1. When you count, for each residue, the other Cβ atoms within 10 Å and take the mean per peptide, how do 126-137, 91-102 rank with the highest first?
2. Along the range 209-219, what does the Karplus equation 6.51 cos²θ - 1.76 cosθ + 1.60 (θ = phi - 60°) give for ³J(HN,Hα), rounded to whole Hz, x for Gly and Pro?
3. Below 8 Å, C-alpha to C-alpha, sequence gap of six or more: please give me the relative contact order for the chain in percent.
4. Tell me the mean residue ellipticity at 222 nm calculated for the chain from its helices only (DSSP H runs of n ≥ 4, each -39500 (n - 2.57), averaged over every residue, nearest 500).
5. Which peptide among 51-61, 103-113, 27-37, 168-178 comes first, and what is the full order, when sorted by highest mean count of other Cβ atoms within 10 Å?
6. What Kirkwood hydrodynamic radius, in Å, does the range 7-260 give when the mean of 1/r is taken over all pairs of distinct Cα atoms and then inverted?
7. What spacing in nm lies between the two simple spin-label points modelled at K144 and K222, each 7 Å away from Cα in the Cβ direction?
8. Find how many whole Å separate the alpha carbon centroid of the range 4-80 from the alpha carbon centroid of the range 192-261.
Amino acid sequence: MPDIKKEKLTIIKVSGKIVERPETLKVFVKEFASIPGRKILIHSGANLASKIGNRMSINTKTVDGRPVVDDNTLNLLIMVYAGLVNKQFVALLQGRKVNALGVTGADLNLMQSVRQGLNGVDMGWTGAVKQVNTQELSSLLDKKVVPVMAPITHDGNCNLLYNETDAMAAEMAKALALRYEVTLIYCFEKNGVLLNVDDPDSVVPVLKRTQYKTLREMEIIKDWFVNKLDNAFSAIDHGVKEVVITNATNLTHRDRGTHIK
């Protein structure tokens, strides 16, 4: 039997730093709105959460740049991510005639997680996705609704959890790749994977697994960016057609950025 052609789906994860740059944010929203077909947006907002937390005397500890999510930090992240940032995105997209619906993973049971530590460290209410409700997400997409998802999920036992957005986006992409031809885009303030962090034009246009391994060994790629690329290659291994790492203002310029296929 011939293969059934899958519909295309674009899943975009946008960096929290973009949220704090009004002009860049406007360009991103304009370009996101112009992407045809089914699409999902996953956002963070880490820097904004830190600023608001400081005003509220909530000092969050971090391990390798990730927050240790105690009760107060979880409440802060829910308030900023699922509230302020999420609804700002919804309003901006509605202004562009995009029928956006602001949700978390807990809404409609879209995503469930389990608590997860990091290198033996208890990270508090930090979750790792264990289940994606592809049927409910597909139902929203079929209605031409654009889910705008904050990085909050639940564990099925009445607890909310914070999720690291790169991993959350990859897990969603992997699950939906069974139904759709998925392109996953990680967009942030850089132009892609750079050979020289001081040269914005030193973009690696196509990143192979062997090259990635070499760049890690040379410590050209390190720290939090390793996590992003590990998730990218995991997505490819599980049926995602392509992962693109690019500047948030280059969404409609698919020839730019770093491509993993």
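1. Ranked from most to least packed, the peptides come out as 126-137, 91-102.
2. 4, 5, 5, 4, 4, 5, 5, 5, 5, 7, 6
3. Normalised by residue count, the contact order of the chain is 23 percent.
4. Helices in the chain give a 222 nm mean residue ellipticity of -9500 deg cm²/dmol.
5. Most protected by this proxy first, the peptides run 168-178, 103-113, 27-37, 51-61.
6. Hydrodynamic radius (Kirkwood, Cα only) of the range 7-260 equals 18.4 Å.
7. Here the modelled spin labels are 5.0 nm apart.
8. Centre-to-centre (Cα) distance: 19 Å.
FYI, it's all coordinate maths here, none of it is from the lab. No experiment lies behind these values; they were computed from the predicted model shown. Cβ sites come from the backbone with ideal geometry, for glycine too, and all protein chains shown count toward neighbours.
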